[in-house]
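Worksheet: the structure to be examined is printed underneath.
Read-outs: derived from the displayed coordinates by stated rules, not from any lab. Predicted, not measured: the structure shown is a model, and the values here were computed from it. When we count neighbours, we look across all protein chains shown, and the Cβ atoms used for this are built from the backbone with ideal geometry, even at glycine.
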Amino acid sequence: MLWVEGLAAAYGQSQALTDVSFGVEAGEVVTLLGRNGMGKTTTVRAIMGLLGSVGGRVSGGGIRFGEAELIGQPPHLVARRGIGLVPEGRQIFPTLSVEENLIATARPGRWDLDSVYALFPRLRERRGNSGRNLSGGEQQMLAIGRALMTNPKLLILDEATEGLAPLIRAEIWSVLGKLKSEGQAILLIDKNLSAVMRLANRHVILERGRTVWTGDSAALASAPQLREQYLHV
């Protein structure tokens, strides 16, 4: 479904990515792991066509989604091809209501208001509240719901549970498990290693802008030296 091959990217003269390669198959959950500043969010921005908005550029490699090359495509066309993004920091529309946020970018398909409200009953209760009046956990639910309303083939979450209360984190992980069981392809960034190892099919570790390891949860669990070298602060 998604293939990233030899991806390189820079911000001005600063090289952020030098050689990132990985793939996500249909129905698969894949994580991008690594310490802060290793290139995970830059990789997501490159996939979504968002690097230019923050002063960056792709300087090499390729990103293919199905048969389409994504490099050079604007964000709205990337989204139209079937990639939904839950960005770091949520970035919901603060002055719009919950329901207006959900329908703002909606496309026809399996996910509609009723199915999102069934997934997140709290959003139904808050449907008339503006985005700025939601808690952090509710905003994250809204960000996920908004991405699902685009009916994506691939869902990308950048820091899925960062800064959330334990009960909300547990609810988010439960939702992601449900999405996986329904065959939703997911590319996920999160620091909760135990949770992502339970959820994901495969993991990709980035170090200083390059892919240094790829494997499944069993392989990662059996390699404490790997986790110590690349993931622990």
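Between amide H atoms placed 1.01 Å from N, distances below 5 Å from GLU207 occur with VAL212, all of them 5 or more places distant or on a separate chain. Binning the alpha carbon pair distances of segment 1-56 at 10 angstrom intervals from zero yields the distribution 22, 56, 21, 2, expressed in whole percent. Ordering ALA10, ILE168, ILE205 by Cα displacement along the dipole of the chain toward the positive end leaves ILE168 in first place; charges were set at the Cβ atoms of Lys, Arg (+1) and Asp, Glu (-1).
Just need the relative contact order of segment 40-83 here, percent rounded to a whole number, with Cα pairs under 8 Å and 6+ apart.
Numbers: 34 pairs, mean separation 17.7, N = 44.
Result for segment 40-83 is 40 percent.
Shape descriptor for segment 91-151: Rg over Rh equals 0.92 (Cα atoms; Rh from the Kirkwood inverse mean 1/r). For segment 15-101, the Stokes-Einstein estimate of translational diffusion at 37 °C and a viscosity of 0.692 mPa s comes to 225 µm²/s, using the Kirkwood hydrodynamic radius over alpha-carbon pairs.
The phi torsions of segment 31-48, fed into the Karplus equation with coefficients 6.51, -1.76 and 1.60 and a -60° offset, translate into couplings of 10, 9, 10, x, 5, 4, x, 8, x, 5, 5, 4, 4, 4, 4, 5, 4, 7 Hz, rounded to whole numbers, with Gly and Pro shown as x.
Three principal axis extents of segment 54-116 based on alpha-carbon atoms, in descending order, are 41, 28, 15 Å.
Per residue, the chain reaches -9500 deg cm²/dmol at 222 nm when only DSSP H runs of four or more residues are counted, each adding -39500 (n - 2.57). Each Lys and Arg adds +1 at its Cβ and each Asp and Glu adds -1 at its Cβ; summed about the Cα centre, segment 91-151 shows a dipole of about 80 debye. Give the residue from GLY183, MET38, THR214 lying farthest towards the positive end of the charge dipole for the chain; charges sit on Cβ (+1 for Lys and Arg, -1 for Asp and Glu) and the dipole is referred to the Cα centre. Going by the charge dipole, the pick is MET38. For the chain, the Cβ-based charge dipole about the Cα centre amounts to some 220 debye (Lys, Arg positive; Asp, Glu negative; other atoms uncharged).
Can you work out the FRET efficiency for the pair HIS76 and ASP19, with r the C-beta to C-beta distance and R0 = 25 Å, to the nearest 0.05?
Working: r = 29 Å, r/R0 = 1.14.
With R0 = 25 Å, the Cβ-Cβ based efficiency is 0.30.
With contacts taken as Cα pairs under 8 Å and at least 6 residues apart, the chain reaches a relative contact order of 29 percent.
Each residue of segment 51-63 is assigned a 3J(HN,Hα), and the resulting list reads 4, x, 6, 10, x, x, 7, 7, 10, x, x, x, 9 Hz, derived from the Karplus form 6.51 cos²θ - 1.76 cosθ + 1.60 (θ = phi - 60°), x at Gly and Pro. Specify the residue with the greatest mean-square fluctuation among ALA223, ALA26, ALA185, computed from a Gaussian network of the chain linking alpha-carbon atoms under 10 Å apart. Among ALA223, ALA26, ALA185, the largest mean-square fluctuation in the Gaussian network model of the chain belongs to ALA223.
Each 5 Å bin from zero holds the following percent of Cα-Cα pairs in segment 99-222: 2, 10, 20, 22, 19, 13, 8, 5, 2, 0. The ARG64 and ASN201 beta-carbon pair, evaluated with R₀ = 25 Å, returns a calculated FRET efficiency of approximately 0.80.
Relative to the dominant Cα principal axis of the chain, helix 166-181 is inclined by about 80°.
In straight-distance terms, cross-link reach from LYS191 covers every one of the lysines whose alpha-carbon lies under 23 Å from its own, apart from those fewer than eight places away in the same chain; here that gives LYS40, LYS178, LYS180. Stretching THR214 away from SER115 to a fully extended chain increases their span by 32.2 nm, per 0.36 nm per residue minus the current alpha-carbon distance. For the chain, the Kirkwood estimate of the hydrodynamic radius, built from every pair of different alpha carbons, is 18.0 Å.
Couplings 3J(HN,Hα) of segment 82-96, computed from phi: x, 10, x, 10, 9, x, 4, x, 6, 6, 6, 7, x, 8, 8 Hz, in residue order, whole Hz [Karplus 6.51 cos²θ - 1.76 cosθ + 1.60, θ = phi - 60°; x for Gly and Pro]. Can you compute log10 of I(q)/I(0) for segment 42-166 with the Debye formula, treating each Cα as one identical point scatterer, at q = 0.19, 0.23 Å⁻¹? Debye intensities relative to I(0), on a log10 scale: -1.04, -1.33.
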